[in-house]
Amino acid sequence: MAQRRILQIEDPDDKRVLKNRAHAIKQFTPALQALAADMFETMHAANGVRLAAPQIGIS
């Protein structure tokens, strides 16, 4: 597991990613399971309640 950087809407580069629509998940793969684990670790480290993949740069 790894903590990911949470994108900020104030950053112009981050804003471009955050404004895009995310892709639908078609199959829950081991890679997606690892991503979910990273997201949980990132969310807890930031004292967050929810985190969406686009917030860490994944569409």
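The values are calculated or read from the model by the stated rules, or taken from the named source; none is laboratory data. Since this is a predicted model, take the numbers as computed values, not measurements. With ligands, DNA and RNA removed, areas are computed over all heavy atoms of the protein, side chains included. Shrake-Rupley method; radii C 1.70, N 1.55, O 1.52, S 1.80 Å.
Summary of values
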item: Gain on full stretching of the segment that runs from Q3 to A46 - 0.36 nm per residue minus C-alpha separation; result: 14.5 nm
item: Heavy-atom surface of the chain, accessible at 1.4 Å and reported per residue (Å²); result: 80
item: Residue-averaged [θ]222 nm for the chain, counting only DSSP H segments that reach four residues, each worth -39500 (n - 2.57); result: -12000 deg cm²/dmol
item: Answer label for Cα Rg over 2.2 N^0.38 Å (calculated), chosen among (1) 1.64; (2) 1.13; (3) 1.75; result: (2)
item: Residues with amide H under 5 Å from that of L7, placed H, sequence gap 5 or more; result: I56, G57
item: Ranked order, M39, M1 - accessible area, probe 1.4 Å, largest first; result: M1, M39
item: E41 - accessible surface, heavy atoms, 1.4 Å probe, Å² rounded to 10; result: 60
item: ³J(HN,Hα), Karplus 6.51/-1.76/1.60, whole Hz, each residue of the stretch 20-28, x for Gly, Pro; result: 7, 6, 6, 7, 6, 8, 9, 8, 8
item: Carbon + sulfur, % of accessible area of the chain - ligands and nucleic acids excluded, 1.4 Å; result: 54
item: Under Karplus coefficients 6.51, -1.76 and 1.60, residue-wise ³J(HN,Hα) of the stretch 45-59 in Hz, glycine/proline x; result: 5, 9, 6, x, 10, 9, 8, 9, 3, x, 5, 10, x, 10, 8
